[in-house]
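Here is the structure we will look at.
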Amino acid sequence: MSEENNFPSKISTTFKHEVIKELLKSKFSSTKNKISEDAVELVVEIAKLLAIEAAARAANQAKLENKQVINLDHVECILPQVMLDFA
Amino acid sequence: MTTEQKVRQVILNTTKTICNETAENLALKFDPDALDLIAEMVYRQMGIYAEDLEAFQKHAKRTQVTTDDVKLLVRRNASLKKHINAKAQFIMENKPVEVSNANKRKRKATTSTS
């Protein structure tokens, strides 16, 4: 997590605002519920960080085993902790 | 394809792009299976967030999800909380021009009457 502070700014890809908004709305039980634009923006940021964090930890795991390719085992290894950290 | 399937597909693809970009930065490569797993995890997690946000909003007796609900969502992870708070502040500072004008007018009005 130490590299978290400077790393995300290097990644230019982000989730589309409209897509996240659509997803959140589709999961709401009542269709009346609304979501503010600022809140969507923050959820987009969390989603991006979640993806980067998972990828970075899996990469770290692969590096520990001196592998060049990150495979399923590496991801499975770090998945529980990532999910707890972002619960 | 229904809208929900489209949304799911877009989120999976975006996650994979982000992961690939991250791996590129670290001079590594991703296995397709590994990418699928991370993408699915992000999608499911977003679903859980949606349910939580709705519950928070309901508990606060509002009908709109606000930034406060999102802040509550990340309260457990200290570094994430810090990052989100900073981002929220950044959004707030770059936005409400009208509100600050209204406040100024109000203040002027109150000072003139007193």
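In Å² (nearest 100), what accessible area is buried between B and A, both sides summed, heavy protein atoms only, 1.4 Å probe?
For chain B against chain A, roughly 5100 Å² becomes buried.
Would you mind getting the Kirkwood hydrodynamic radius of segment B:1-61 from its Cα pairs, rounded to one decimal in Å? Working shown, then result.
Working: mean 1/r = 0.0761 Å⁻¹.
Computed over segment B:1-61, the radius equals 13.1 Å.
Working out 0.36 nm times the residue gap between B:Thr63 and B:Asn13, then minus their Cα-Cα distance, what length gain in nm do you get to one decimal?
Fully extending the segment from B:Thr63 to B:Asn13 adds 14.9 nm.
Give me the percent of the accessible area of chain A that comes from carbon and sulfur atoms, probe 1.4 Å, all protein chains in place.
Percent of accessible area from carbon and sulfur atoms in chain A: 49.
Checking buried surface per residue: for segment B:37-59, which residues lose a minimum of 30 Å² accessible area in the protein assembly relative to the chain alone (1.4 Å probe)?
With the partner chains in place, segment B:37-59 has these residues losing at least 30 Å²: B:Leu37, B:Ile38, B:Met41, B:Val42, B:Tyr43, B:Gln45, B:Met46, B:Tyr49, B:Ala50, B:Leu53, B:Glu54.
If each residue of separation counts as 0.36 nm, what is the full-extension length gain between A:Thr14 and A:Lys67 once their alpha-carbon separation is subtracted?
Difference between extended and current length: 16.3 nm.
Would you mind getting me the FRET efficiency between B:Ile48 and A:Gln81? Use the beta-carbon distance for r and R0 = 22 Å, nearest 0.05.
With a Förster radius of 22 Å, E is 0.85.
Before anything else, pin down the relative contact order of chain A: Cα pairs under 8 Å, at least 6 apart, normalised by residue count, whole percent.
26
Could you tell me the accessible area of A:Thr31 in Å² (1.4 Å probe, neighbours in place), rounded to the nearest ten?
Result for A:Thr31: roughly 140 Å² accessible.
Once R0 is set to 30 Å, what does the formula 1/(1 + (r/R0)^6) return for the Cβ-Cβ distance between B:Arg75 and B:Thr3, expressed as a FRET efficiency to the nearest 0.05?
Given R0 = 30 Å and the Cβ-Cβ separation, E is 0.40.
Just how much of A:Ser30 is accessible, in Å², when a 1.4 Å probe is used and the result is rounded to the nearest 10?
40
Take the Cα pairs of the protein assembly as shown, get the Kirkwood Rh, then feed it into Stokes-Einstein at 25 °C and 0.890 mPa s and tell me D in µm²/s.
D = 134 µm²/s.
Mean Kyte-Doolittle of at least -1.0 and a Cα length of 24 Å or more along the axis: which whole DSSP H helices of chain A meet both? Please list the in-between numbers first.
Details: long enough: A:37-64 (41 Å, 0.58).
Taking the DSSP H segments of chain A (at least 24 Å long, mean hydropathy at least -1.0), we get A:37-64.
So, for the protein assembly as shown, what is the accessible surface per residue at a probe of 1.4 Å, expressed in square angstrom?
Details: 11800 Å² over 201 residues.
With all protein chains present, the protein assembly as shown gives 59 Å² per residue.
What nm value, rounded to one decimal, do you get for the distance between A:Lys27 and B:Lys29 when each label is placed 7 Å out toward the C-beta?
The answer from the label model is 3.4 nm.
Under the rule a/c < 1.5 gives rounded, and otherwise a/b versus b/c splits prolate from oblate, where does segment A:14-87 land using the Cα gyration tensor? Walk me through the numbers on the way to the answer.
Working: a/c = 3.37, a/b = 2.67, b/c = 1.26.
It is prolate, given that a/c is not under 1.5 and a/b is the larger ratio.
The values are calculated or read from the model by the stated rules, or taken from the named source; none is laboratory data. Just so you know, these numbers come straight off a predicted model, no measurement behind them. A quick note on method: Cβ atoms are made from the backbone with ideal geometry, for glycine too, and the neighbour counts reach across all protein chains shown. To get the accessible areas, we keep the full protein, side chains included, count just its heavy atoms, and leave off ligands, DNA and RNA. Shrake-Rupley method; radii C 1.70, N 1.55, O 1.52, S 1.80 Å.
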